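*Asks:* Quick one: this structure, given as C-alpha cells, is what I'll be asking you about.
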Amino acid sequence: MNIDLLSKMVRELILDHDRVTLPGLGTFVAELVPASFSDKGYTINPPYRRLSFRPSKEEDNLLANLYSRSNNVDEDVAQRIIADFVGEMKEVLQEKKVVVFPALGRLRATRENNFFFVSDEDIDIYPEGFGLAPVSLKTHQETKEEVSAAVEELKQIMEAPQPGRTPELQPVPETEPQPEGQSAPVSESVQVPESETEPTPASEPESQPASEPQPEAAPEPEEGPEAVSESGPAPQPVPETAGESGAPGIRSDRRKKIILAVSIPIAAAVLLLLAYILVARLNPEFIDSILYDPEQLEILNYAGEKD
C-alpha cells in the first residue's frame, strides 16, 4: 500500500460517492458548486465539484471493499491494511504538515494539527461538466463617445412621436361633428363666428309678424310698456351653454392631464434605466454591492481569485 494507490482509490470512489472515509483520520467530501459570476460579474463560471476534507469519526467500508475486489483478499484483511497505512500517514502529516495525494491535491495540518485539504486546480471529479468552460461577457469596451451617442439616441427616441401620443389638434368649426379621440384646444374651441354670437330673437306670435304694416284706422301705439306688451317680449340673446362650447375644452383639458400623468412615469423610468447603465459602466462594484449580499460577494470574489 502506498500514497499513489490510496489517491487513485479515493479518486475512483469520489466519482460515484459524495463521501469517502479514511479510517481514524477523516472524510473526503465532494460538494456540487453551482454556476457563479466572477470578474465583477463579467464572467460566468460553469458548475463544478469541490473536494474538501473534514476530520470526523465516521466509518465506511468503501476503501476496504474496493481494495478487496482489486487484490482478491478478504475484506477484513483489506480493512486492516488500509487502517495501518492511514495511521502511518497521520504521523507523517503531524510531523511534516503536508501529504500529497497525486491528481487530487494536498492534505495539510496546522500547528494545532487540524487537517484541511487543498485541491489541485485541474482536478477532474465531475464528469457531467466535461466541456464546460467559463464564458466572458466582455465583448466590447464602450468609450465615452459611444456612451454619449447612446444618450443622444435615447433623447431622440423620447422626443419622437409615439403611437400612443395624441397629436396636435387643429380648430374645427362647431357645426362639424368632432371625430372620436380628437378635440380642439380650449382657447380655440371657445371662439365662435360673429354670425353665431348674434342674439337669436325669441319666438314671436305668428299672428303678429314684425314686417306686417298696421291698419290705417288703428292709431299708432305709443312708446312705453303697453307697446312692448302688445308686440311681444323683446328678443333676448341666448346664453352659450357649457354643453355647446365648454364641453370640447373640458375634454381637451382632461386628455392633456391624462397624457401628462402617463408621460411622467415613462420618462422617469427611462432616466433611471439610463442612470443604472452609466453607473454599471463607471462603477460596477457599487452595482455588485446592490445585487449581492456580502456572503455572495465573498463567494464571487473567491471564484474570481481561483480563476
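The values are calculated or read from the model by the stated rules, or taken from the named source; none is laboratory data. Keep in mind that this is a model prediction, so the values were computed, not measured. Here the Cβ positions follow ideal geometry from the backbone for every residue, glycine too, while neighbour counts run over all protein chains shown.
*Asks:* With the structure loaded, tell me whether residue 90 is over 45 Å from the mean Cα position of the chain (by Cα), crowded, with 17+ Cβ neighbours inside 10 Å and of a type in the set (D, E, K, R) or whether it fails that test.
*Replies:* yes
*Asks:* Determine whether the stretch 48-58 contains at least one residue that is under 30 Å from residue 288 (Cβ atoms) and either among the aliphatic types (A, V, I, L, M) or assigned by TED's automatic domain parsing to the domain that holds residue 285 (or both).
*Replies:* Looking through the stretch 48-58, at least one residue is under 30 Å from residue 288 (Cβ atoms) and either among the aliphatic types (A, V, I, L, M) or assigned by TED's automatic domain parsing to the domain that holds residue 285 (or both).
*Asks:* Can I ask one more? Within the stretch 18-36, work out how many residues are under 30 Å from the mean Cα position of the chain (by Cα) and in a loop (DSSP other than H, G, I, E, B).
*Replies:* The number of residues fulfilling the criteria is 2.
*Asks:* Please pick out the residue among 99, 73, 118 that is within 17 Å of residue 21 (Cβ to Cβ) and not in a helix (DSSP H, G or I).
*Replies:* 99
*Asks:* Do we find that residue 11 is assigned to a strand (DSSP E or B), charged (D, E, K, R) and either modelled with pLDDT of 90 or more or farther than 30 Å from residue 279 by Cα (or both) in this structure?
*Replies:* no
*Asks:* If we scan the stretch 37-56, do we find a residue that is free of Cβ contacts under 8 Å to residues at least 40 places away in the same chain, outside any strand (DSSP E or B) and over 20 Å from residue 126 (Cα atoms)?
*Replies:* yes
*Asks:* Answer yes or no: is there a residue in the stretch 76-86 that is free of Cβ contacts under 8 Å to residues at least 12 places away in the same chain, within 53 Å of the chain's Cα centre (by Cα) and not assigned by TED's automatic domain parsing to the domain that holds residue 273.
*Replies:* no
*Asks:* Kindly indicate which of 78, 64, 83 is in contact with an Asp or Glu (Cβ under 6 Å, 6 or more places away or on another chain), assigned to a helix (DSSP H, G or I) and surrounded by 15 or more Cβ atoms within 10 Å (Cβ to Cβ).
*Replies:* 64 is the lone residue from the list that is in contact with an Asp or Glu (Cβ under 6 Å, 6 or more places away or on another chain), assigned to a helix (DSSP H, G or I) and surrounded by 15 or more Cβ atoms within 10 Å (Cβ to Cβ).
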